[in-house]
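The values are calculated or read from the model by the stated rules, or taken from the named source; none is laboratory data. The model shown is predicted, which means the values in this text are computed figures rather than measured ones. Cβ coordinates were reconstructed from backbone atoms using ideal geometry, including for glycine residues, and neighbour counts include every protein chain displayed.
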Amino acid sequence: MDENKNNIPTENEGEELDNILTLNDEEGNEVEFEFLDLIEYDGEEYVILLPVEDEEDTEEPGEVVILKLEDTENEDEESYVSVEDEDILNAVFEKFKEKFKDDFNFVD
């Protein structure tokens, strides 16, 4: 997932903002995610995303995706890359869980 097309947040039933990002997967398919948060860890920034689509083959409903935010040559664009290091993923997710412990019911 290397390309970001930001949709302008719109009001949802007059109350909440709709923070939807459309990214392209490895095969060039567009996939929508809800942006949950931006976490800084070890001098890097990571986005926490929740897949929007209702796929029948989704193994774990509610499972988030963590991607590293990287700068591009164009100031108006951002790039998201997969994180392979399990220690980093766990540390970023722990920071996210601590920050939102009162807002979400986390399942171990």
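So the values come out like this:
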| quantity | calculated |
| --- | --- |
| Members of region 68-97 found to be under 17 Å from Leu21 (Cβ atoms), among the hydrophobic types (A, V, I, L, M, F, W, C) and without any contact (Cβ under 8 Å) to a residue 40 or more places away in the chain, listed by number | Leu69, Val83 |
| Residue count for region 73-95, restricted to those that are part of a helix (DSSP H, G or I) and either among the hydrophobic types (A, V, I, L, M, F, W, C) or over 21 Å from Glu26 (Cα atoms) (or both) | 9 |
| Among (1) within 20 Å of Phe106 (Cα to Cα); (2) at pLDDT below 90, the one test that Leu50 misses | (2) |
| Residue tally, condition farther than 13 Å from Tyr46 by Cβ and surrounded by 10 or more Cβ atoms within 10 Å (Cβ to Cβ), over region 80-97 | 1 |
| Search result, residues across region 56-75 that are over 17 Å from the mean Cα position of the chain (by Cα) and either surrounded by 10 or more Cβ atoms within 10 Å (Cβ to Cβ) or modelled with pLDDT of 75 or more (or both) | Thr72, Glu73, Asn74 |
| Residue list for region 1-47, restricted to those being of a type in the set (Gly, Ala, Ser) and either surrounded by 14 or more Cβ atoms within 10 Å (Cβ to Cβ) or at pLDDT 70 or above (or both) | Gly28, Gly43 |
